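Taking it in order: structure first as structure tokens, then the write-up.
The values are calculated or read from the model by the stated rules, or taken from the named source; none is laboratory data. What you see is a predicted model; the values in this text were computed from it and never measured. Glycine also receives a Cβ, built like all others from the backbone with ideal geometry; neighbour counts cover every protein chain displayed. Accessible surface areas use protein heavy atoms only, side chains included; no ligands, DNA or RNA. Shrake-Rupley method; radii C 1.70, N 1.55, O 1.52, S 1.80 Å.
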Amino acid sequence: MRTLDENQEEQEEEERRRSERLKAARLWRDAALRSRKLRSGLRQLTLCAQNQQLVLPKDISEVEALNLGNNSLQELPEELGSSLNKLRVLELRRNKFTAAPRVLCELGQLVELDMSHNCLRTLSEGLGQLRALKKLCVSHNKIQSLPAQIGALQALEELDISFNLLHGLPRSFSSLTRLRALDADHNQLSQFPVEILALGELEELDLSGNRFVALPANIWRLTSIKVLWLSSLRMASLPETFCRLQNLESLMLDGNRLSALPPSFGLLQRLKMMNLSSNQLQVFPQALLRVCGLEELYLSRNRLSHVPEEISQLGRLVNLWLDNNSITRLPDSIVDLENLEELVLQGNQIAVLPDNFGKLSRVNIWKVKDNPLIQPPYEVCMKGIPYIALYQQELAQSQLAVKPRLKLVLMGRKDAGKTLLRRSLMGTREDGGGNRGVELVHWEADAHRKLTFMVFDLSGNPNFDLVKPFFLSPGALYVLVVNLKSYVPKSFHDHVGRFLRLLCAKVPHAVVFVVGTHADLCGEAELEEKTLDIHRRIGLQEEADVRSLGRLAEEVELALEQGFSVRSSSPHVLFYGVSDRNLRRRRAQLDFLLKRRLQVLSPVLSVSCTGPQRNIQKLREKLLSVAEHRDIFPNLHRVLPKSWQMLEELLLQSSELWLSWWSAARLGLQAGLTEERLQSALSYLHESGKLLYFEDSPALKEHVFHNLPRVIGILNVFFQRDRSMLLDRLLSEGERGGRGRVSLVMQDETGENLKVTHLQQHLEAFLQHGLLPSGVIRLLLRPLIQTQQDLHLIMELLQKMGVCYCVRTPRSTPPKGGAAWFKFPSYVSSEEPQAGAPLLHASPLFSVEQLHIQYSFPFLFPPGLLARFSVQIDGHVVQRSDSKSQILAYRGKVPVVVSHQPPRAGQQAETLSIISHASLPNMWTAWQAVTPLVEELDALLQEWPGLLYSVQILCSKCLQRGAQSPHPFPGELLSQPRPDGLTEIICPKNGSERVDVALVYPPTPTASSPK
């Protein structure tokens, strides 16, 4: 499924793979050279079997290297031994051998044997006769023990026994004195095999993914070791004697539980690569700073909060990975690491980068997302080191920002008292009731300090749920207003909990201040009881959410430790068939959600806005104090480049409703900003509340909404749902007669007269079915628009925002009113689709299989998601029929259904499903129908960076028999190719039923996977 930042993710994934490939190449280059040396100049032959039967050519006596891999062989011809007297290299990988063929014992001249990726459960004792063998690979089998005769392979130099079921090694293993490379990772070894310590020539050793948790004190006996992999062993410490391995060059210790290194670790002066990722380091290991030859250092996913100034001592560093820690600042000396090519800092708490960061000009892999960067701004940092250098150079010549400005967002229920609170804070006394939509006001909270709040007062009316998320952005201060008079503990979710989850999903790590209103209507004891209850329940909800996320993260970590071979062995296994890449993406998302929790300020402050005001001044001072807190809002004190200030002034001079990207780019050039640097400035203005710029939305990123009052005014018109108010707007410039009198109002764009009675009928159609003709829309938007061109531009905007879509010929045409009609899905109130809509039922002539992709939202279903999704898919479907919670349509001739289900009994998660069906031979048509819809939904969900959701493909067999809880296959399979040779999958809910692979895997993998 294609996501909004798919290109960036693919680039990052490619960079990660490139880095891993480079590391692997460096670590195992000696082995590769040895292998090439073994095979160089040999006469080679590759044979392919037919129906699992191998036919040997007549004369193969001169063949020295034979490749029989990927043939599904279970036996070898008996004549193979007598026919290949000169054979030195034999490839048998990826076949179906359950035991080593007897004929192998006759090939005494073999130098290299590869039987990896078979079904071997043991090695025959006869293999000991292969006395010339230098390289043996039996990885990825099911071997539980090695025969004692393996010690007879005295010439063996390389042995790969990884990914088996070994619990130990035979005593004779210590006789392999020429062994230089041993790969025994991912077995069942419960302790470090002491037999290995006798291998004095061993240079490369991999024991990762086994079960032992400690190294022996005499590990120092491996005096020749250069490459040592000890990943995912859960070791808590290293013995002091480990530091005597002074030939060590590459060391992998990731995935353990290390909290410190031995004090004498600095003795490992030949060490060039060190991986300590995924440990429990809270303090940067000082001993590492003495390893001056270090070129690669990986400290990802620890608990570091500080990087020492002495990091500059590691002057040869090429790769430095510090991602997913808790680092708040970088030392100034980091810019002296001028050999750096990879610098990975994402997922920390870094707000300011050191000056002269442009000195790191060699860095080509640079990751810094998920940091609260303000200097340089996040948008600049994401573009790379050259842009950071340009920004810092311009900043050095800039003046201070003209006026500190902060976006302040008021939100809460309809009866919370937000508007009255705003007026009390600002000291204004406007007439009128509560907020009738979204309001924007400028509040100069402190004239002396010239601090201005851009106050966004968001209506609590549920009608505005679709548009409110457009006004939630990072870098703002959010005030959640609660009516203490109407609050009771049972209503916590409705008054507080759902708003906090909304912010957490849309603006992770946002700063939230909870304010209780109507204090004058409550007694003192009641006030204390309710404010304490709110505070307590906020903590309980947060604990429950973090606990759920932590549990999911543990499941992912366990699945990664099991390995792909285990995950793909049975559909009963959690994350069946999911690739390591997709699991790492899910783990990264969960890590992000766990780290970027809301910052809820305490305590809950109770206020009264009527009569003798209570705590209003205290609230005013609190808001100023929070705004000026450098650790909470460091961007308020940001020094801006002169070009950014000029851009803001030029945008204010434009009278257009909005600007296209190219129009904004022209203004940027006038201010001295290139197109690449313009985006950073616009993102800053968006976060500070000066304009709207949605760089993460494919539909809206080409627009800059600098004229906020007009945009807000237009949106407010469409979401009032107040019949009387809408009629007032329609008749505001016409002759309004009595309710029963027909009066001429105006002509629409087709020249047709619109009467009061017609307008009333149009309003009924709008409020019930969401249908309006363009002529009536133009009347509603007076005086916000003046010309027909304005109307076309606005309707184009509303369609891109997901508010409405154009329908040329409505199914039940309301009275007169123009050729172009628009459908507003959020207004549809009918529970059932219209008659004649496509239904998904079994055909009496064909066996129909259902394709059901389900999105589950355990914490929050994004408000307005179904309505916006309904608009976005309109270009993909025909003959559609909408109800309040369903969309029935066709894509071509294939039926599709979009269905929203609220939480059911015993199930907390809300779901949104995309469904189609077809006969099994034509299942590709169903995939073809749903895939564009899935991609549109994924694009919308990428606008919610903190949202927790999962995707499942529901079992077709379970659906056929009407199971209440069908088995879900992981949605990550949508982005993976169908496994070779797999045709059916057993349904775990009913072991006797088999699901065709075409019902789980799409014909072609989608571009990316769900979170």
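At a glance:
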quantity: Amide proton proximity set for THR517, modelled H, under 5 Å, gap of 5+; calculated: VAL482, ASN483, LEU484, VAL607
quantity: Additional length obtainable on full extension of the chain from LEU982 to VAL352, 0.36 nm per residue less Cα span; calculated: 221.6 nm
quantity: Net charge, GLU106 excluded, C-beta distance under 12 Å - Lys, Arg +1, Asp, Glu -1; calculated: -1
quantity: Charge sum, other residues only, whose C-beta stays under 11 Å from PRO858's C-beta, Lys/Arg counted +1 and Asp/Glu -1; calculated: -1
quantity: Intensity falloff of the stretch 477-574 expressed as log10 I(q)/I(0), Debye formula with alpha-carbon point scatterers, at q = 0.10, 0.21, 0.25 Å⁻¹; calculated: -0.43, -1.05, -1.29
quantity: Calculated on alpha-carbon atoms, Rg and Dmax of the stretch 641-706 in Å; calculated: 10.5, 30
quantity: Student exercise, the stretch 405-629 dipole from Lys, Arg, Asp, Glu Cβ charges, in Debye to nearest 20; calculated: 560 debye
quantity: Carbon + sulfur, % of accessible area of the stretch 253-321 - ligands and nucleic acids excluded, 1.4 Å; calculated: 48 percent
quantity: Probe 1.4 Å, accessible area per residue of the chain, Å²; calculated: 42 Å²
quantity: Selected from TYR890, GLN872, PHE969, residue furthest toward positive end of dipole (the stretch 849-999; charges at beta carbon); calculated: TYR890
quantity: Formal net charge of residues neighbouring PHE456 (Cβ-Cβ distance under 9 Å; K, R +1; D, E -1); calculated: -1
quantity: Rounded percent of accessible protein surface that carbon and sulfur make up, the stretch 641-706, 1.4 Å probe; calculated: 49 percent
quantity: Whole-angstrom gap from the stretch 507-535 to the stretch 130-163, using each part's C-alpha centre; calculated: 69 Å
quantity: Farthest toward positive dipole pole in the stretch 641-706 [+1 Lys/Arg, -1 Asp/Glu at C-beta], among PHE694, VAL704, GLY668; calculated: GLY668
quantity: Of ASN463, ASN483, ALA559, farthest towards positive along the dipole that unit charges on Lys, Arg, Asp, Glu beta carbons give the stretch 405-629; calculated: ALA559
quantity: Three-way shape label, the stretch 207-262, alpha-carbon gyration tensor, a/c 1.5; calculated: prolate
quantity: Charge dipole magnitude, Cβ of K and R +1, D and E -1 - the stretch 641-706, Cα centre, debye nearest 20; calculated: 160 debye
quantity: Restraint check, LYS530/LYS618; LYS414/LYS490; LYS418/LYS468; LYS485/LYS595; LYS369/LYS618; LYS468/LYS884, Cα-Cα greater than 25 Å; calculated: LYS485/LYS595; LYS369/LYS618
quantity: The stretch 504-615 - percent of accessible surface contributed by carbon and sulfur, probe 1.4 Å; calculated: 55 percent
quantity: Answer label, with P(r) over Cα pairs in 10 Å bins from 0, in percent calculated from the coordinates and candidates (1) 2, 9, 16, 19, 19, 15, 10, 6, 3, 1, 0; (2) 2, 10, 16, 17, 15, 13, 11, 8, 4, 2, 1, 0, 0; (3) 2, 11, 19, 23, 20, 13, 8, 4, 1, 0, 0; calculated: (1)
quantity: Two-site label geometry, SER724 and SER830: point separation in nm, points 7 Å out along Cα→Cβ; calculated: 3.0 nm
quantity: Residues with amide H under 5 Å from that of LYS407, placed H, sequence gap 5 or more; calculated: MET454, LEU477
quantity: Rounded Å value of the spacing that divides the Cα centres of the stretch 886-934 and the stretch 595-623; calculated: 46 Å
quantity: Inter-part distance where the stretch 778-798 and the stretch 238-308 are each reduced to a Cα centre, Å; calculated: 64 Å
quantity: Per-selection Kirkwood Rh - the stretch 899-1011 (Cα, Å, 1 d.p.); calculated: 15.3 Å
quantity: Potential lengthening between VAL573 and VAL194 on full extension [0.36 nm per residue; Cα-Cα distance subtracted]; calculated: 133.1 nm
quantity: Sites SER660 and ARG423, calculated FRET efficiency, Cβ-Cβ separation with R0 41 Å, nearest 0.05; calculated: 0.65
quantity: At 1.567 mPa s and 4 °C, Stokes diffusion of the stretch 405-629 via Kirkwood alpha-carbon radius, µm² per second; calculated: 67 µm²/s
quantity: Dipole in debye (nearest 20) - the chain, about Cα centre, beta carbon charges: Lys, Arg +1; Asp, Glu -1; calculated: 900 debye
quantity: ASN67 long-range amide H proximity, modeled H, under 5 Å; calculated: LEU45, THR46, LEU47, GLU91
quantity: At least 30 Å along the helix axis (C-alpha) and Kyte average at least 0.5, DSSP helices within the chain; calculated: none
quantity: Relative contact order computed over the stretch 641-706 (Cα-Cα under 8 Å; 6+ residues apart), in percent; calculated: 37 percent
quantity: Relative contact order computed over the chain (Cα-Cα under 8 Å; 6+ residues apart), in percent; calculated: 7 percent
